[in-house]
Amino acid sequence: MDYRYLGNSGFKISEITYGNWLTHGSQVENDVATQCVRAALDVGITSFDTADVYANTAAETVLGEALKGERRQSLEIFTKVWGPTGPKGPNDAGLSRKHIMESINGSLDRLQTEYVDLYQAHRYDHETPLEETMQAFADVVRQGKALYIGVSEWDARQIRAGHELAKELGFQLISNQPQYSMLWRVIEEEVVPVSEELGLSQVVWSPVAQGVLTGKYQPGGTPEEGSRAADEKGGSTMIKRWMSDETLTGVQQLKPIAEELGLTMAQLAVAWVLQNKNVAAAIIGASKPEQVRSNAVASGVTLEADVMAKIDEAIGSMAESDPAKTVSPEERPV
């Protein structure tokens, strides 16, 4: 496993990070979730990403149990705040001072830790003054409850404004967590250049495009029952954009490229996002430990320029790259 610095900091994370958005506390039994975490640790993954909103806080609880007994200093634990939790009352969501302060305490209890390494604003809150949000994050850091602060799915303008306020308050934003894959390249035009300028890294989610880049969905076929594309609660809405025969045919053209490199298509997809120097880590999820061990092989893989060109020839024209494009509310992974 290789490790990379997160943003303009001395903080290193594993470039393959284990995430539990759609699995822990919902799709996967707790014992299997623990097996996946153990597999991650066995292959050298030390960074774990979750959020209070995943399975309405249950995912944090499962992760905390799975990591119990591990040397805390050897782990990097990330969580997030913004989405609605609890009974979903008027102050149970957003980035108000009240919600942030109450949420960090709840996350720490569920994760069974005194601090998280990275605390992230899960989305931008258009209803709360940014000054209030950033002051609350500054206080969370000063209280020792989070070591670093990041954001998720913020656009370039929002990142710049947040970075400026953080600097005034004596801390820094070091990361953004966006969607990024061969098929979703929205961050490349504006977010990545601004992040490079300001000292933020990307910790990207969905590097295999919700499973589409594994090649398991065939053009003209019907998604198998139980697959992500057939599961309304498991991300089928998000996958629809990539389920056209044209896109799936292009994805199948990646298979000989992967085979020539001795990689699976999933490993190729994860390795592809890691070629971007502004990407510090690719988040992988898993419903069984074998998937963790397999995807971890992508760490340290270098894709030469000719390989990157072949990938673009196969599916580059189908990739979404409009910086104005965002994940719609019904598709948000919260």
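Scanning segment 174-194 for residues that are touching a His at 6+ places or on another chain (Cβ under 9 Å) and crowded, with 23+ Cβ neighbours inside 10 Å yields a count of 1.
In segment 1-14, the residues that are in contact (Cβ under 8 Å) with a residue 12 or more places away in the chain and open to solvent by less than 70 Å² (accessible area, probe 1.4 Å) reach residues that are in a strand (DSSP E or B) and polar (S, T, N, Q) with C-beta atoms within less than 6 angstrom, at least six apart or across chains, in these pairs: Met1/Ser14; Leu6/Ser175; Leu6/Ser201; Gly7/Ser175; Gly7/Ser201; Ile13/Ser47; Ser14/Ser47. Each residue in segment 196-205 was checked for being in contact with a strand residue (DSSP E or B) (Cβ under 6 Å, 6 or more places away or on another chain) and either more than 20 Å from Tyr119 (Cα to Cα) or open to solvent by less than 10 Å² (accessible area, probe 1.4 Å) (or both), and 4 pass.
Contact list please: Cβ distance under 6 Å, first residue in segment 105-124 and over 16 Å from Gln202 (Cα atoms) and modelled with pLDDT of 95 or more, second residue open to solvent by less than 10 Å² (accessible area, probe 1.4 Å) and assigned to a helix (DSSP H, G or I), pairs at least six apart or on different chains. Short answer, once both residue conditions are applied: Ser107/Glu60; Arg110/Glu60; Arg110/Gly64; Leu111/Glu60; Leu111/Gly64; Gln112/Gly64. Please indicate, with yes or no, whether at least one residue in segment 49-62 is part of a strand (DSSP E or B), buried (at least 23 other Cβ atoms within 10 Å of the Cβ) and of a type in the set (Ser, Thr, Tyr). Looking for residues that are part of a strand (DSSP E or B), buried (at least 23 other Cβ atoms within 10 Å of the Cβ) and of a type in the set (Ser, Thr, Tyr), one finds none in segment 49-62, hence no. The listed residues are Ala146, Ala138, Ala209, and the only one of them that is out of contact with any Gly (no Cβ under 9 Å at 6 or more places or on another chain) and more than 23 Å from Ala269 (Cβ to Cβ) turns out to be Ala146. Of the residues making up segment 157-173, those that are of a type in the set (Gly, Ala, Ser) and open to solvent by 10 Å² or more (accessible area, probe 1.4 Å) number 2. For Gly316, the conditions (1) modelled with pLDDT under 95; (2) buried (at least 19 other Cβ atoms within 10 Å of the Cβ); (3) over 25 Å from Leu22 (Cβ atoms) are fulfilled apart from (2). When Glu76 is tested against (1) open to solvent by 60 Å² or more (accessible area, probe 1.4 Å); (2) under 18 Å from the mean Cα position of the chain (by Cα), exactly one condition is not met: (1).
Could you check segment 288-313 and list, in sequence order, the residues that are over 16 Å from Asn276 (Cβ atoms) and open to solvent by 60 Å² or more (accessible area, probe 1.4 Å)? Lys288, Glu290, Gln291, Arg293, Val297, Asp306, Lys310, Glu313, listed by residue number. Sub-7 Å Cβ pairs linking a first residue in segment 38-67 that is within 24 Å of Tyr5 (Cβ to Cβ) to a second residue that is of a type in the set (Lys, Arg) and open to solvent by 10 Å² or more (accessible area, probe 1.4 Å), at least 6 apart or interchain, are Val43/Arg293, ordered by first then second residue.
Contact map, segment 246-265: residues that are open to solvent by 60 Å² or more (accessible area, probe 1.4 Å) paired with residues that are in a loop (DSSP other than H, G, I, E, B) and hydrophobic (A, V, I, L, M, F, W, C), Cβ distance under 9 Å, separation 6+ or inter-chain. Pairs shown: Leu261/Val301; Leu261/Leu303. Residues that are open to solvent by 10 Å² or more (accessible area, probe 1.4 Å) and of a type outside the set (A, V, I, L, M, F, W, C) within segment 35-48 comprise Gln35, Arg38, Asp42, Gly44, Thr46, listed in sequence order.
The values are calculated or read from the model by the stated rules, or taken from the named source; none is laboratory data. Since the structure is predicted, the reported quantities are computational estimates derived from the model, not experimental observations. Every residue, glycine as well, gets a Cβ built from its backbone with ideal geometry; the counts of neighbours run over all protein chains shown. The protein model used for the area step is the full one, side chains on, heavy atoms only, and it has no ligands, DNA or RNA in it. Shrake-Rupley method; radii C 1.70, N 1.55, O 1.52, S 1.80 Å.
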